[in-house]
């Protein structure tokens with residue numbers, strides 16, 4: 001487990017729209033662009049092996065703009081294909097706030113960051129005391145059925161609160177701005193409530209049906 005003193009002041013950035021990484025969660029990535037191949041090579045040479053996942057802030061009409069909050073992941077698994085691509089797993093370490101972007105000679109972007117305010121990300125898994133799992137799973141079953149999605153329900157029912165909520169937040173196909181809202185949720189309960197709202201909105205299509213009380 002990392003400590004605040006272990007976190008660097010600068011991180012490399014992988015600005016991937018719709019990709020969400022959360023603390024203590026795992027994100028598989030397929031890296032093939034030359035600039036990001038170099039970013040990965042450089043990250044593997046450092047002790048921390050961190051890469052910052054930050055979504056472009058397209059609401060500002062400039063695809064080069066970044067959202068102010070991202071999440072740093074540690075490269076915990078990687079393999080190289082015969083044609084030079086990487087299959088990588090990032091394990092979420094902590095969210096951060098973007099302070100500034102550096103003028104860099106690297107082909108990829110680098111930023112200075114602040115880790116302040118995200119102390120809980122480096123701690124133990126969060127628990128959602130207000131979580132009604134049965135009602136949540138009932139809603140989820142209706143949502144999956146409406147989208148013709150399949151899953152291992154036994155595994156989902158046995159997953160702890162944080163793993164269940166975070167995995168669904170990362171996996172489900174929401175808009176990038178919705179993903180950002182899930183990332184910025186201050187605690188697990190808020191993220192679960194945001195996730196429920198997004199699922200309900202997707203299901204009712206503007207009507208008042210499928211309301212989880």
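The values are calculated or read from the model by the stated rules, or taken from the named source; none is laboratory data. Only a predicted model underlies this, so the values are computations on that prediction, with no experimental measurement involved. Cβ sites come from the backbone with ideal geometry, for glycine too, and all protein chains shown count toward neighbours.
Taking (1) touching a helix residue (DSSP H, G or I) at 6+ places or on another chain (Cβ under 6 Å); (2) at pLDDT 95 or above in turn, residue 128 satisfies each apart from (2). Restricted to region 20-34, and to residues there that are under 18 Å from the mean Cα position of the chain (by Cα) and without any contact (Cβ under 8 Å) to a residue 60 or more places away in the chain, the residue that is surrounded by the fewest Cβ atoms within 10 Å (Cβ to Cβ) is 30.
So for region 134-146 (the condition being touching a residue at least 24 places away in the same chain (Cβ under 8 Å), assigned by TED's automatic domain parsing to the domain that holds residue 185, in a loop (DSSP other than H, G, I, E, B) and surrounded by fewer than 14 Cβ atoms within 10 Å (Cβ to Cβ)), does at least one residue qualify? Looking through region 134-146, none of the residues is touching a residue at least 24 places away in the same chain (Cβ under 8 Å), assigned by TED's automatic domain parsing to the domain that holds residue 185, in a loop (DSSP other than H, G, I, E, B) and surrounded by fewer than 14 Cβ atoms within 10 Å (Cβ to Cβ).
Please work out if residue 96 is exposed (fewer than 12 other Cβ atoms within 10 Å of the Cβ) and either assigned to a strand (DSSP E or B) or in the same structural domain as residue 66 (by TED's automatic domain parsing) (or both). Spelling it out, it is not the case that residue 96 is exposed (fewer than 12 other Cβ atoms within 10 Å of the Cβ) and either assigned to a strand (DSSP E or B) or in the same structural domain as residue 66 (by TED's automatic domain parsing) (or both).
Conditions (1) part of a helix (DSSP H, G or I); (2) in contact with a strand residue (DSSP E or B) (Cβ under 9 Å, 6 or more places away or on another chain); (3) in contact (Cβ under 8 Å) with a residue 60 or more places away in the chain; (4) not assigned by TED's automatic domain parsing to the domain that holds residue 168, marked per residue:
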| position | (1), (2), (3), (4) |
| --- | --- |
| 16 | no, yes, no, yes |
| 36 | yes, yes, yes, yes |
| 42 | yes, yes, yes, yes |
| 73 | no, yes, no, yes |
| 76 | no, yes, no, yes |
| 82 | no, no, no, yes |
| 89 | no, yes, yes, yes |
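Taken together, the criteria place residue 170 among residues that are modelled with pLDDT of 95 or more, surrounded by 13 or more Cβ atoms within 10 Å (Cβ to Cβ) and outside the structural domain of residue 59 (by TED's automatic domain parsing). Applying the selection to region 50-65, what residues are at pLDDT 95 or above and either in a strand (DSSP E or B) or over 11 Å from the mean Cα position of the chain (by Cα) (or both)? Listed by number, the residues that qualify are 50, 51, 52, 53.
The residue that is farthest from residue 138 (Cα to Cα), counting only those in region 176-210 that are in contact (Cβ under 8 Å) with a residue 24 or more places away in the chain and part of a loop (DSSP other than H, G, I, E, B), is 187. Residue 130 falls short on exactly one of the conditions (1) touching a residue at least 24 places away in the same chain (Cβ under 8 Å); (2) within 21 Å of the chain's Cα centre (by Cα); (3) not in a helix (DSSP H, G or I), and that condition is (2). Per the listing 158, 116, 129, 103, the residue uniquely farther than 17 Å from residue 44 by Cα, surrounded by fewer than 12 Cβ atoms within 10 Å (Cβ to Cβ) and touching a strand residue (DSSP E or B) at 6+ places or on another chain (Cβ under 8 Å) is 116.
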